[in-house]
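Worksheet: the structure to be examined is printed underneath.
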Amino acid sequence: MYVCPMHSDQKSDKPSKCNKCGMNLVLEIEVGKEKESYLPIYIIVALIVVVSFVVTISADAGFDIYIFLKNFMAGFFLIFAMFKLIDLKGFAEGYATYDLLAKRFYSYGYLYPFIELFFGLSMIAEFYTVEILWAEVFVMIFSGTGVLIKLLNKEKFRCVCLGTVLKVPLTKVTLVEDFGMAALAVLMIIIS
């Protein structure tokens, strides 16, 4: 029997795709045994840090923590939005399993990657304001709250903060991602 790793109610006698999220169905004995690694997330974050540092120091002013944070947050939001947009339908389906707003309003899962894209582009375009930074704080804390509730209830779910493309065990990492980005936005507000 083949089953969807995210939606156990989606089964088939032959290899096919999930009707809900489009993921390939896998043999039932393989569910939960995928080879997952944190390596992709380490590489992504390391590249964002390196590029942010290089862009920051290449400005004639030398290293400025505020500029570095702005560059890091821009890179972070753009990269994470990109991974979500690669399989927007799959992301929205997965996001609705744990995000508080996407559970009630499914279309929010389709909107969320564009919110992250806006945050990233506003940082690059120097269009961000204190209000946008507070919006980032609110959105990231709200998004992380759904993950926290699932973890506290010991519910099994697959986090899709990097979309559905990479098989990365991100449930607990998502807490760091969401609350960490909220903290960076607060830090930018404080030091501005």
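Relative to the longest principal axis of the Cα atoms of the chain, the long axis of helix 171-191 makes an angle of roughly 20 degrees.
Applying 0.36 nm per residue to the separation of ILE190 and ILE115 and subtracting their alpha-carbon distance, the gain on full extension is 24.7 nm.
Consider a paramagnetic label point 7 Å from the Cα of VAL130 along Cα→Cβ; state which residues of region 63-92 have an amide N under 13 Å from it. Hits in region 63-92 for VAL130 at 13 Å: none.
Using a simple spin-label model with pseudo-atoms 7 Å out from Cα toward Cβ, SER8 and LEU100 lie 2.7 nm apart. Computed across the chain, the Kirkwood hydrodynamic radius from all distinct Cα-Cα pairs reaches 17.6 Å. For ASP64 and ASN153, the difference between the fully extended length at 0.36 nm per residue and the C-alpha to C-alpha distance is 27.9 nm. For the chain, the mean residue ellipticity at 222 nm estimated from helices alone is -20000 deg cm²/dmol, where every DSSP H run of n ≥ 4 contributes -39500 (n - 2.57) and the total is divided by all residues, rounded to the nearest 500. Each principal axis of the Cα cloud of region 51-90 was evaluated for its coordinate range; sorted largest first, these ranges are 43, 14, 9 Å. Quick check: the angle from helix 108-124's long axis to the longest principal axis of the chain, C-alpha only, nearest 10 degrees? Between helix and principal axis, roughly 20 degrees.
Rule-based calculations on the coordinates, nothing more; no lab input. A quick note: this is a predicted structure, and the numbers were derived from the prediction, not measured. Counting neighbours? That spans all protein chains shown, and the Cβs are built from the backbone with ideal geometry, glycine included.
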